[in-house]
1. Write out, first by first residue and then by second, each pair whose Cβ atoms fall under 6 Å of each other, whose residues are 6+ apart or on separate chains, and whose first residue, in the range 58-81, is at pLDDT below 90 while the second is not aliphatic (A, V, I, L, M).
2. What about L36, is it aliphatic (A, V, I, L, M) and farther than 16 Å from I6 by Cα?
3. Kindly provide the set of residues from the range 37-78 that are of a type in the set (S, T, N, Q) and in contact with a helix residue (DSSP H, G or I) (Cβ under 8 Å, 6 or more places away or on another chain), ordered by number.
4. List pairs: first in the range 7-23 and under 13 Å from L36 (Cβ atoms) and free of Cβ contacts under 8 Å to residues at least 60 places away in the same chain, second hydroxyl-bearing (S, T, Y) and part of a loop (DSSP other than H, G, I, E, B), Cβ under 9 Å, 6+ apart or cross-chain?
5. Just give me the residues in the range 40-58 being among the aliphatic types (A, V, I, L, M) and within 19 Å of S13 (Cα to Cα), in sequence order.
Amino acid sequence: MTNIQIDPKVKESVSEKVAKHYHVFPIAVEEGLITLAIADPFNVQLTDDLKILLDTNIKVVIAKEEQIEGAIKKAYSIKVN
C-alpha cells in the first residue's frame with residue numbers, strides 16, 4: 001500500500017476524521033461503490049457503519065494496520081490550496 005498513488009478525488013470520498021477513527025483508507029471510487037482498505041474484513045459492524053455513514057456500497061480489501069495508518073498519514077498530510 002505504500003507505493004499506491006491515490007487520486008485526490010478518491011481521498012475526498014472519505015474524510016480524514018473518518019479514516020482515522022475507523023482505521024480505513026479509500027483505494028478507489030466507482031459509481032455507487034467505494035473500495036476501502038481495512039485490517040479486519042470480517043468486522044461486519046464496521047462495514048455496516050461505514051456503508052451508512054458514507055451512504056454508498058462498500059468493497060473491502062485487506063491491508064495491515066500499519067499500512068493503513070501510513071497511507072492515512074501520507075495522503076491526508078498533503079494540503080491542497
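1. Qualifying pairs under 6 Å: A75/K11; Y76/E16.
2. So L36 does not fit the description; no.
3. Across the range 37-78, the qualifying residue is only N57.
4. Filtered contacts from the range 7-23: S13/T56.
5. Passing the criteria: L46, L50, I52, L53, L54, I58.
The values are calculated or read from the model by the stated rules, or taken from the named source; none is laboratory data. In this text, all values refer to a predicted model and were calculated from it rather than measured experimentally. Please note: Cβ atoms are built from the backbone with ideal geometry, for glycine as well, and neighbour counts cover all protein chains shown.
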